[in-house]
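The values are calculated or read from the model by the stated rules, or taken from the named source; none is laboratory data. What you see is a predicted model; the values in this text were computed from it and never measured. Note: ideal-geometry Cβ built from the backbone for every residue, glycine included; neighbour counts use all protein chains shown.
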Amino acid sequence: GIQVEQSPPDLILQEGANSTLRCNFSDSVNNLQWFHQNPWGQLINLFYIPSGTKQNGRLSATTVATERYSLLYISSSQTTDSGVYFCAVELTGGGSNYKLTFGKGTLLTVNP
Amino acid sequence: GAVVSQHPSWVICKSGTSVKIECRSLDFQATTMFWYRQFPKQSLMLMATSNEGSKATYEQGVEKDKFLINHASLTLSTLTVTSAHPEDSSFYICSARIRGQGTYEQYFGPGTRLTVT
């Protein structure tokens, strides 16, 4: 099956710092999503970005599908940004691949 | 828009009993619903995929007789954990894909924390 690797596994920042999270995947994808899992377990959709670049406030994401990676940028980080960030992908072609495969996540801690 | 709810948010049950978890898409019809399981400090693992009106497709290693999935309508899917045991204690999360939108984006419910004593 498809492999999804996220880096770094852990990241500690001071409030106000910027960061870049990376997601590498091993095959062509129909779907790539970034999520933030808050302390209560809720997965919050950040971006649906199988290709291209999107921005939403302090967050932006870029997926280079031909090179099989995606980046999530967090600028001017706040303590409320703390939590686990997941990248998840779905293979092109559907069928038995018609499902999201999650990376192991990046645990972000933003200190005041 | 694209809100998915789950009920209950947490449940404690005794070993040997069954527990039903509901997943609803509140403001859209779902082509497909998915059930995931997450252990502490781990990633999400897909358990099964269900389409309205048809049998669920289970991932390898998931016992279909233990984890019963019913997708009765385009807005409701249920997961029943039968004869629960302590090792079934976990965080269960459902997701849904919007019908007819032409994208593959999934939306997730808030999860249900199951503790089996």
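Can you work out which of the residues in the stretch B:27-41 that are outside any strand (DSSP E or B) and either at pLDDT 95 or above or of a type in the set (Phe, Trp, Tyr) (or both) is nearest to B:His71 (Cα to Cα)? Per the stated criteria, the residue is B:Phe28. Of the listed requirements (1) loosely packed, with under 15 Cβ neighbours inside 10 Å; (2) touching a residue at least 60 places away in the same chain (Cβ under 8 Å); (3) away from chain B (no Cβ under 14 Å), A:Val110 misses just one: (1). Quick one: would you say B:Ser83 is of a type in the set (Ser, Thr, Tyr) and outside any strand (DSSP E or B)? Yes: the conditions hold for B:Ser83. So, B:Phe108, is that one within 11 Å of B:Arg24 (Cα to Cα) and within 11 Å of chain A (Cβ to nearest Cβ) or not? Criteria met by B:Phe108. Taking the conditions exactly as written (within 14 Å of chain A (Cβ to nearest Cβ) and buried (at least 20 other Cβ atoms within 10 Å of the Cβ)), does B:Arg113 satisfy them or not? So B:Arg113 does not fit the description; no.
Taken as a whole, the structure places B:Ala96 among residues that are of a type in the set (A, V, I, L, M), more than 22 Å from B:Ile12 (Cβ to Cβ), buried (at least 19 other Cβ atoms within 10 Å of the Cβ) and out of contact with any His (no Cβ under 8 Å at 6 or more places or on another chain).
Under the condition of being over 15 Å from B:Pro110 (Cβ atoms) and out of contact with any Lys or Arg (no Cβ under 6 Å at 6 or more places or on another chain), the residues counted in the stretch B:38-48 number 5.
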